[in-house]
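For reference, the structure is listed below as C-alpha cells.
Here, each number is a calculation from the coordinates, and none is a lab measurement. Small disclaimer: the values here were computed from a predicted structure and weren't measured. Glycine also receives a Cβ, built like all others from the backbone with ideal geometry; neighbour counts cover every protein chain displayed.
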Amino acid sequence: MNIAQRLTETFREVFNDPTLVVTPETTAKDVDGWDSFSHVNLIVAVELSFGIKFSQRELLTFRKVGDLLRSIQRNLDQA
Amino acid sequence: MTFVSPAFVLFVAITWLVHGVLPSRFRWAGLLGASLIFYATAAEPQLLVVLAWVTTVTYLGGLRISACDPRVRGRIYVASLVGVFFALGLKYLPLVHDAVALLARALGRSVSIPIPQLASTIGISYFTLQAIAYLTDVYLDMLPPERHFGRLALSLAFFPKILQGPIERGGDLLPQLETTYHFDYEKTRSGLVLFTWGLFKKTVAADQLGVTVDVVYGNVHAYSGATLLIATYAYAFQIYLDFAAYTDMARGIARLFGIELTRNFDRPYAATSVAEFWRRWHLSFSRWLLDYLFRPLQIRWRGWRQHGTAAAILATFLLSGLWHGATWGFLVWGALHGCYQVSALYTRGYFNRLQRRIGLAGTQGLAVLQVLVTFHLVAFAWIFFRAANLRDALHVVGNLPTGPVELVHRMLTANAHSSLGLVPGLNRQDAVIGSVAVVLALWERHLRRWWASTHSLPLRWMGYGALFLSIFVLGRFGGRKFIYFDF
C-alpha cells in the first residue's frame, strides 16, 4: 500500500466514510465534516498511522492534501 | 473627522481627485499621504508615531526573516512580534496603571509610579493584528516580504480600514496596491452605493436603536425585566448594524480607489450554531483568530486530542474578549462564547444521533430552532459586552426572566401606545421609522438581489433618491460614534 492509499484509509476512518476518495488537490471544503475541530483528529491519526511527528511549522502551512502527502514523504525519508 | 461627517465626504472627494491625476507609480504615495492625514485627524496625532514604529518593525522584520539563516529566522520572527506587541500593549496601559496602584496600596505604600496614558488608542488593535499576520505569513513562507516600504506602510494605514478594519491579509491587499488604477464607472457607482447604504444603516437604523440601548443600559437599575429585554434585543441588532455599516462604508470608499476589502459579515444571525456565527461575524477578525491563535494552540496541544481542542477554544475566546478591552465584561463575553463552543464540541455527536433518531436531522424546523437558539445565546453574551460593568450585567441577567411574562401581560392589558411606553425616550414615530429601517437593513440580501435584477434607469435613480432623502430626513447625525472604534 503506497502513501496515498494509506492516507485515504486514514481519512476514511477519521471521517467515518468508507467511500471517501482524496486527491492531492482535495481541501477541507471537499470533505464533509473536515472542520477546524476535526482537523486535529486527522493530524493525530496520520501521525499514528505513519509513525511520524509533524513540526508545528509544517502543520500551519497545510492547505490541501498534496501538502500533507509531501510532508509525510519528507518525514518518512528523514526517519 | 469620522465617516459620518461632511468633512470626510470632502476629504474623500479631494483624495479621489488627486489620486486620479497622479501617475501610477506614485499612487501609493497619494493614498499613504491621505491615510496619514486621516489618521492624525481621526485620532491623536501622536498615534502616528506608534503607526510608524509598527510599520518599521514589520517592514524590517519581514525582510530579515526571509533573508536570514533558517536557524535564526525563528528568533527574528519572535523579536519582530515583541516589537509589534509593544505597540499593542499601549492599549492596556490603564490596566498596568491600576495594577501598579493596587499593588502599592496592598503594600501600604503611597508610591505613585507615573505611567503615561494615551487619551485614545484608536486603530492600534487593527493595524497591529495585520502586522502580526504579515510577519507570520512571511515566517511560514506563505507570503514573500514586501520590499517597497511605502506599499507596506499603505497596507497597514489605508484610511478606509485603519480605524475599525477589516483586518486585511498581506496576500490579499498588497498585490492590489501594485496594480495600475483605471477609472471604472461600474466600480465607482457600486462603491458610492455601498457607502451610502452603510450611511443609511448607521444613521437611520443602528443609531435609532442606540437611543433606546443607551438610555436603558445607562441606568439598568431603573428598569423592569420587559424594558431590559427589549434593550438587550435592540443592542444585538444595533451592534451588528453599526459594525456592518462601517464595513460597508469602508469597502465602498476603498472600491472608489480600485481596492477590494474583505467582506466582514455574512448574515451572522442566520447561523445555526455559535461556531457558524463565528464564520459569519467579523470575518476578518475570526479568520485571524483561527489562523494565528486557535490553530497553533490546537496543534501544540494535539496530544490531548479533544481536550486540547477545547483548551484552545477557551484560550482563543478569552484572548478575543481581552482584545476588546481589559474589563471583566469582555472577559465574560469571551468566556461565554468559548463555553458555548466547548459544550458543542463534547455534545455534538450525541445531538447528531438524537436528531437522526427522532427524525429531525436536516429538517427546516430544526434549522429554524437552531437559528433561534443561536441568536439568543449570542444576544445573552452581548449583555456582558454592553453593560457598563459586571454589576449592571448581572442585574440585567437577573431581571430578564420576568421580561417575557411582563411583556405579554402589558400587551394583553394595555393598548399599543402604552406598551411603547416601556421604551424610554422613544416615541411612536421613531419606533416605526426605526423598525422599518432595521427590517430593510436586515433584509439587504433580498434587496440587493431585487436591485441587481432592476435595469430600469428611472427606477434606479428613484431608489438612490429615496436612500439619500431618508438619510437626510430621518438620519441621526448626533455624533454617536461607531461601537468598534473603542476597540
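Annotations for the structure displayed:
- Dividing the mean sequence gap of close Cα pairs (under 8 Å, 6+ apart) by how many residues chain B holds gives a relative contact order of 18 percent.
- FRET efficiency for the B:Phe477 to B:His148 pair, using the beta carbon distance and R₀ = 56 Å, is estimated at 0.90.
- Simple rule: put +1 on each Lys or Arg Cβ and -1 on each Asp or Glu Cβ in the protein assembly as shown, find the dipole, and look at B:Tyr246, B:Gln306, B:Ile259; the Cα lying farthest toward the positive end is B:Gln306.
- Between the stretch B:35-92 and the stretch B:436-467, the C-alpha centres lie 43 angstrom from each other.
- Spin-label pair B:Ala222/B:Val373, simplified geometry with 7 Å Cα→Cβ offset, distance in nm: 3.9
- Candidate aspartates and glutamates for bridging to B:Lys91, where Cα separation is under 17 Å - those fewer than 8 sequence places away on the same chain excluded: B:Glu44, B:Asp486
- Tilt relative to chain A, helix A:65-78 - C-alpha long axis, 0 to 90 degrees, to 10: 30
- Computed over the alpha carbons of the stretch B:295-369, Rg followed by Dmax gives 15.7, 46 Å.
- Entry note, the stretch B:6-182: relative contact order of 31 percent, from Cα contacts under 8 Å with a spacing of 6+ residues.
- Derived scalar couplings ³J(HN,Hα) [the stretch B:14-31; Karplus, 6.51 cos²θ - 1.76 cosθ + 1.60; whole Hz; x for Gly, Pro]: 5, 4, 5, 5, 4, 4, x, 8, 6, x, 3, 6, 9, 4, 4, 5, x, 5
- Relative pair counts by distance (%), Cα atoms of the stretch A:3-78, 5 Å bins: 3, 16, 30, 32, 15, 4, 0
- Positive-end residue, the stretch B:6-182 charge dipole about Cα centroid, Cβ charges, pick of B:Ile37, B:Thr136, B:His19: B:Thr136
- Which listed pairs, of A:Lys29/A:Lys53; A:Lys64/B:Lys161; B:Lys161/B:Lys202, have C-alpha distances above 28 Å, in listed order: A:Lys64/B:Lys161
- Global form of the stretch B:17-129, assessed from the alpha-carbon gyration tensor, a/c cut-off 1.5: oblate
- Each residue of the stretch B:54-64 was assigned a 3J(HN,Hα) from its phi angle through the Karplus curve 6.51 cos²θ - 1.76 cosθ + 1.60 (θ = phi - 60°); the sequence is 4, 5, 5, 4, 5, 5, 5, x, x, 5, 5 Hz, with glycine and proline shown as x.
- Cα gyration tensor, the protein assembly as shown - rounded (a/c under 1.5), prolate or oblate: rounded
- Placing pseudo-labels 7 Å out from each Cα toward the beta carbon at B:Ala67 and B:Leu103 gives an inter-label distance of 3.9 nm.
- Those GluC sites (Glu not before Pro) in chain A that DSSP places in a loop and that have at most 14 other beta carbons within 10 Å: A:Glu25
- Each residue, B:Val397 and A:Ala79, gets one label point 7 Å from its Cα in the Cβ direction; the gap between the two is 4.9 nm.
- ³J(HN,Hα) computed for each position of the stretch A:4-20 - Karplus, 6.51 cos²θ - 1.76 cosθ + 1.60, integer Hz, glycine/proline x: 4, 5, 5, 5, 4, 4, 5, 4, 4, 5, 5, 9, 6, 9, x, 9, 4
- The stretch A:3-78: relative contact order as a whole-number percent, Cα under 8 Å and 6+ apart: 37
- Rounded to the nearest 10 degrees, the inclination of helix A:36-50 to the longest alpha-carbon principal axis of chain A is 50 degrees.
- Longest site-free stretch - chain A; sites: trypsin sites (Lys or Arg not before Pro), DSSP loop, at most 12 other Cβ within 10 Å: A:1-52
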